[in-house]
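One structure below.
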Amino acid sequence: MKRILAGMLTVLAIVAAGVLLSGCLSAGGAADFFPALQSSTRSIHKDTVRADWSVLTPYVAEKTAYRYFSPYSGKADLLPGNHYGPLLPYIGAEMSLSGYVMDAIPLYGLVTTDGQIVTAPVYTEILTTYGPFLLLYRAADDTDSRARVTIAARDGTWVRDAGDWREFIPFDNRLAVSHADGSVQVLDADGNVTARFSRDALAPFLGDTYRWGDPMIGYIEGCALSYERGYLTAAFYDETSPWGNYWRYECFMNPDNGTVSGTPPARWSPDMDWNYENPPEIFGYCYPEEIEDLTNGTLYYAAYPDSAERDNDWTLDLLDEEGTLLVEHCLTSSELQWRPFVADGMLGAVKDGAFSYTNIETGNVVFRYPLRTNSD
């Protein structure tokens with residue numbers, strides 16, 4: 001189910017945004033890296049091509065490379081604008097913790113492809129995997145609330161507050177958002193609400209007391225929203241489901257015309273395609289992680305050399321889609337960043353106390369921002 005895939009991403013974001021709500025601090029955000037040990041279905045064998053950026057750009061500890069976009073959003077939420085171009089995430093602050101499983105978490109901001117800072121590092125997570133949408137998570141104002149989320153175009157031309165959200169489901173360049181009041185809204189790529197499903201419209205099918213499942217605690221105690229085969233669906237967990245997937249579908253919402261039905265459309269069935277492609281086997285490397293360029297979709301891989309486990313050196317290399325080494329030692333996985341960003345042909349990574357976007361081909365630093373800490 002696409003709901004489960006989207007739910008997994010949402011859970012990661014919520015953990016990142018709300019992990020500290022249990023008592024450490026009223027901010028959160030970090031993801032741990034757990035390589036998946038999977039059998040390979042493809043093989044990539046390439047000659048090793050070593051790249052050494054240190055020859056091109058000697059490290060200078062105090063060097064910075066950034067400007068502020070005008071108007072600058074600062075610590076406030078992203079201001080809509082028509083001149084940003086693609087907005088990229090950067091890690092700009094390191095928040096130290098005590099008495100928690102992690103020693104530090106990252107805070108994110110937004111920057112343009114030419115290195116102009118649009119927002120200060122105030123977000124606990126920035127999700128870029130929701131089609132034409134950015135989901136910007138910010139710590140709640142109090143420990144009893146969930147993270148605040150801003151929904152924005154990837155180029156910042158429009159910005160919307162997600163309100164009292166429960167879940168985000170991307171589909172067909174649209175975004176469905178369920179809310180605490182039981183309603184569902186559908187946004188198009190321009191930020192317009194193209195369909196609304198109120199509680200009054202859904203209650204005849206879901207019951208008067210239904211509520212949308214909370215990704216923080218799972219979906220067994222609530223109604224799960226998903227998108228499958230042209231329809232938004234609402235389902236309850238049921239091990240006796242006739243569909244064989246533990247979900248009992250109670251209503252079907254047509255996002256094109258705003259109608260609701262309790263009967264499955266003709267020839268409708270749940271999307272139960274679980275045949276995911278395993279990561280490739282890249283000669284000389286282990287645990288390859290697919291990375292897509294945030295601006296043009298070009299595919300890369302971040303992978304550890306085969307010697308990583310033996311030498312206890314978990315430093316990633318960046319490879320192209322054919323398995324050719326592009327940047328050696330591009331990132332050491334940590335609590336602040338577990339895999340690099342790639343955007344507009346640039347590598348984004350924390351290194352030497354700063355976050356940088358560096359042109360992969362030339363080694364030129366386009367953006368470099370020293371990490372701030374709690375006391376800054």
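The values are calculated or read from the model by the stated rules, or taken from the named source; none is laboratory data. Quick caveat: nothing in here was measured; it's all calculated off a predicted structure. Note that each Cβ is placed from the backbone with ideal geometry, even for glycine, and that neighbours are counted across all protein chains shown. Side chains included, ligands, DNA and RNA excluded: accessible areas come from the protein's heavy atoms. Shrake-Rupley method; radii C 1.70, N 1.55, O 1.52, S 1.80 Å.
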Is there a residue being in contact with a Pro (Cβ under 9 Å, 6 or more places away or on another chain), part of a loop (DSSP other than H, G, I, E, B) and among the aliphatic types (A, V, I, L, M) anywhere in the stretch 291-304?
yes
The stretch 316-328 residues that are crowded, with 22+ Cβ neighbours inside 10 Å and at pLDDT below 95, paired with ones that are assigned to a loop (DSSP other than H, G, I, E, B) and of a type in the set (Ser, Thr, Tyr) (beta carbon under 9 Å, 6 or more apart):
none
(1) over 28 Å from Ala93 (Cβ atoms); (2) surrounded by fewer than 22 Cβ atoms within 10 Å (Cβ to Cβ); (3) in contact (Cβ under 8 Å) with a residue 40 or more places away in the chain: which one isn't true of Glu289, the others all being true?
(1)
Please pick out the residue among Glu250, Glu221 that is at pLDDT below 90 and under 25 Å from Gly163 (Cβ atoms).
Glu221
When (1) touching a strand residue (DSSP E or B) at 6+ places or on another chain (Cβ under 8 Å); (2) modelled with pLDDT of 95 or more; (3) open to solvent by less than 40 Å² (accessible area, probe 1.4 Å); (4) outside any loop (DSSP other than H, G, I, E, B) are applied to Ala203, the one that fails is (1)
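Can you tell me which residues in the stretch 180-194 are open to solvent by 10 Å² or more (accessible area, probe 1.4 Å) and assigned to a strand (DSSP E or B)?
Gln185, Val193, Thr194
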Subset of the stretch 219-265 [open to solvent by 30 Å² or more (accessible area, probe 1.4 Å), touching a Cys at 6+ places or on another chain (Cβ under 8 Å) and in a strand (DSSP E or B)]:
Phe236, Glu250, Val260, Ser261
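Take the stretch 329-376 and flag every residue that is charged (D, E, K, R) and open to solvent by 30 Å² or more (accessible area, probe 1.4 Å).
Glu335, Arg339, Asp344, Lys351, Asp352, Glu361, Arg372, Asp376
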Provide a single number: the residues in the stretch 329-361 that are of a type in the set (D, E, K, R), part of a strand (DSSP E or B) and touching a residue at least 60 places away in the same chain (Cβ under 8 Å).
0
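Go through the stretch 332-376 and give me each residue that's of a type in the set (A, V, I, L, M) and modelled with pLDDT under 90.
Hit for the stretch 332-376 is Leu336, nothing else.
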